[in-house]
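Only the coordinates and a few stated rules stand behind these numbers; no lab work does. Note that the structure is a prediction, hence the values are computed from the model and not measured. With ideal geometry, Cβ positions are generated from the backbone for all residues, glycine too; neighbour counts draw on all protein chains shown.
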Amino acid sequence: MAIFAAMIPATGLCVGLDLDLAKLPAPYKNRPDGLASFGRDVIDATRHVASCYKINLAFYEQYGRPGLDAMYTIREHCGSSYVIADAKRGDIGNTSSAYARAVFDDLNADAITVSPYMGSDSVIPFLEAAGRMVYVLALTSNPGSQDFQRMNVQGMPLYERVMRTALDWPRSSDIGFVIGATNAVELSGLRSMFPTVPFLIPGLGSQGGDEQQTVLANNAGPAVFNVSRGLLYLDPLETCLTSIRAEAERLNGVLTSRL
């Protein structure tokens, strides 16, 4: 495995903290601190098996100040655990610099997801943050990924062109890629092309990604596999934390089975 300037989490389970007021289990519903309390308890229930946590900023921003307060509380509770800010930022240079300061200096995230659509000058400001990881969107799980990501560009799909281009940018050792778990065939090919590049692989469970196929396709490469809805909301009752703990342990066993 390559040596990265940014410390990356061990291959395994990434717990997605995409909290939704409408889906909170019974013990947390209708509580003013429901989001923060549930987030903290999920972290406590999974910390022993989670390689990292992913905080999707939009799920907190939608609730305004209370949501943002909950996000910061949850981030602080993660402590020294590796935290990925799922922000999908990417804009002209000075705007990206501002986004980078917000995510790395204020939120103190260890990594961020970014969109490469505007090119190198929209991503390089994130790479200027020493010791932080930048996961570039490459091949995602959503149906609309067909619109652009698979277009043929100079004899290869656009997602592959994005990856090859990004790895020519400064500090490319701190670049990883988002590859959706619903793309097992493509994941296998990309892992063969980029055996030591870290992947963030979302889409298991609720989004249709098959656990066994995804693990096999990744072929023991450096990757974290994100599970959000399929873990957080599988049990709406008072037993929710016991269920979350058990499912996280099961998933971690599956995901690390080929290491």
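Below is a table of values for the structure above.
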item: Helix runs (DSSP H) in the chain reaching 15 Å along axis by Cα, Kyte-Doolittle at least 0.0; result: 34-46, 240-255
item: Distant-in-sequence amide H partners of TYR135 (H built 1.01 Å from N, under 5 Å); result: ILE112, THR113, VAL114, GLY176
item: Size of charge dipole - the chain - debye, nearest 20, with Cβ of Lys, Arg +1 and Asp, Glu -1, no other charges; result: 240 debye
item: Ranked list, fewest to most other Cβ atoms within 10 Å of each Cβ, for LEU107, LEU13, LEU237; result: LEU237, LEU107, LEU13
item: Kirkwood hydrodynamic radius of segment 188-259, from inverse mean 1/r over distinct Cα pairs, in Å; result: 13.0 Å
item: Long-range amide H partners of THR140 with built H, under 5 Å; result: GLY180
item: Long-range HN-HN contacts of TYR82 with modeled amide H, under 5 Å; result: TYR53
item: Rg and Dmax of segment 39-101, Cα atoms only, in Å; result: 13.2, 40
item: Residues of type lysines that LYS54 reaches as a straight line, Cα spacing below 20 Å, ignoring anything fewer than 8 places off in the same chain; result: LYS23, LYS88
item: From phi via Karplus (6.51, -1.76, 1.60), per-residue ³J(HN,Hα) for segment 137-150 in Hz, x at Gly/Pro; result: 5, 10, 10, 9, 8, 6, x, x, 4, 5, 5, 10, 5, 9
item: Residue order, fewest to most beta carbons within 10 Å, for HIS77, HIS48; result: HIS48, HIS77
item: Phi-based couplings in Hz for segment 224-235 (Karplus 6.51, -1.76, 1.60; Gly and Pro marked x); result: 10, 10, 8, 10, 10, 4, x, 10, 5, 10, 6, 9
item: Listed residues ASN226, ASN30, ASN56, most fluctuating in the chain (Gaussian network, C-alpha, under 10 Å); result: ASN30
item: Fewest-first ranking of PHE59, PHE225, using other Cβ atoms within 10 Å as the exposure measure; result: PHE59, PHE225
item: Bins of 10 Å from zero: percent of alpha-carbon pairs in the chain; result: 7, 32, 37, 20, 4, 0
item: Listed residues ALA184, ALA111, ALA98, most fluctuating in the chain (Gaussian network, C-alpha, under 10 Å); result: ALA98
